[in-house]
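Colleague: Please find one structure pasted underneath; my questions will follow.
The values are calculated or read from the model by the stated rules, or taken from the named source; none is laboratory data. Treat the numbers as computed from the prediction; the structure is a model and nothing was measured. Please note: Cβ atoms are built from the backbone with ideal geometry, for glycine as well, and neighbour counts cover all protein chains shown. For the accessible areas, the whole protein counts, side chains as well, though only heavy atoms, and no ligand, DNA or RNA atoms are used. Shrake-Rupley method; radii C 1.70, N 1.55, O 1.52, S 1.80 Å.
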Amino acid sequence: MIAGLLAWVGKVTLLFTLAGAGTGVAAHVLTRIKTGAWPDAVILGEPLRETLQSNGIEPPPSPWAGVEPFWRFVLDRPTWMIALLVGMLIGLILMTWGDAMERSIRFKLRHQELMRERLRW
């Protein structure tokens, strides 16, 4: 039951993430069609660093030199892009994990059933 619930939550998360992204893309395309120009948010897109700083959150310092370029790369991307990727990642992980758990449980139950049948013979 928990495996099915995890898979369902993952699918719903993925669905709403993609639906939100699709709605945003459709709104921008309609704006482009009506006005002939892209909205400013598509051209500029506030970087994640500015969004976090406006909320009073500072990115954590990293003791590893290899992580710093990655943090800089992520924080310079538009916030909507990072939110979309994180939402999709969480949805895919939950969906995959839940499906794998459910498949494993079904396999074990089928194995137990076969072993019971074998013992009856």
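Colleague: From the list LEU92, LEU84, which residue is aliphatic (A, V, I, L, M), closer than 30 Å to MET1 by Cβ and in contact (Cβ under 8 Å) with a residue 24 or more places away in the chain?
Modeller: Just one listed residue meets the conditions, LEU92.
Colleague: Continuing with the same structure: Can you name every residue in the range 71-117 that is among the hydroxyl-bearing types (Ser, Thr, Tyr) and under 13 Å from the mean Cα position of the chain (by Cα)?
Modeller: Kept after step one, since they are among the hydroxyl-bearing types (Ser, Thr, Tyr), are these residues of the range 71-117: 79, 96, 104.
Hit for the range 71-117 is THR96, nothing else.
Colleague: Next up: Given the conditions (1) open to solvent by 100 Å² or more (accessible area, probe 1.4 Å); (2) of a type in the set (A, V, I, L, M, F, W, C); (3) in a loop (DSSP other than H, G, I, E, B); (4) closer than 30 Å to GLY22 by Cβ, which single one is not true for TRP97?
Modeller: (3)
Colleague: Residues THR51, THR79: which one is out of contact with any Leu (no Cβ under 9 Å at 6 or more places or on another chain) and farther than 28 Å from SER104 by Cα? Give the derivation first.
Modeller: Details: THR79 fails: out of contact with any Leu (no Cβ under 9 Å at 6 or more places or on another chain).
None of the others qualify; the one that does is THR51.
Colleague: Which pairs do you get when a residue that is open to solvent by 50 Å² or more (accessible area, probe 1.4 Å), found in the range 6-19, comes within reach of a residue that is among the aliphatic types (A, V, I, L, M), reach meaning Cβ atoms under 6 angstrom, with the pair 6+ apart or on two chains?
Modeller: VAL9/LEU94; LYS11/MET95
Colleague: If you don't mind, another one. Output the residue which, of all residues in the range 56-79 that are closer than 20 Å to GLU46 by Cβ and outside any helix (DSSP H, G or I), is most open to solvent (accessible area, probe 1.4 Å).
Modeller: Once the filter is applied, the top-ranked residue is GLU58.
Colleague: Does THR23 qualify as being out of contact with any strand residue (DSSP E or B) (no Cβ under 6 Å at 6 or more places or on another chain), modelled with pLDDT under 80 and assigned to a helix (DSSP H, G or I)?
Modeller: Criteria met by THR23.
Colleague: Inspect the range 29-40 for any residue being part of a helix (DSSP H, G or I), touching a residue at least 12 places away in the same chain (Cβ under 8 Å) and at negative phi and give the result as yes or no.
Modeller: Initial filter on the range 29-40 (part of a helix (DSSP H, G or I)): 29-35, 40.
The next check asks that each one be touching a residue at least 12 places away in the same chain (Cβ under 8 Å); those that pass are none.
Looking for residues that are part of a helix (DSSP H, G or I), touching a residue at least 12 places away in the same chain (Cβ under 8 Å) and at negative phi, one finds none in the range 29-40, hence no.
Colleague: Would the range 33-42 turn up any residue that is open to solvent by less than 60 Å² (accessible area, probe 1.4 Å) and modelled with pLDDT of 75 or more?
Modeller: There is at least one residue in the range 33-42 that is open to solvent by less than 60 Å² (accessible area, probe 1.4 Å) and modelled with pLDDT of 75 or more.
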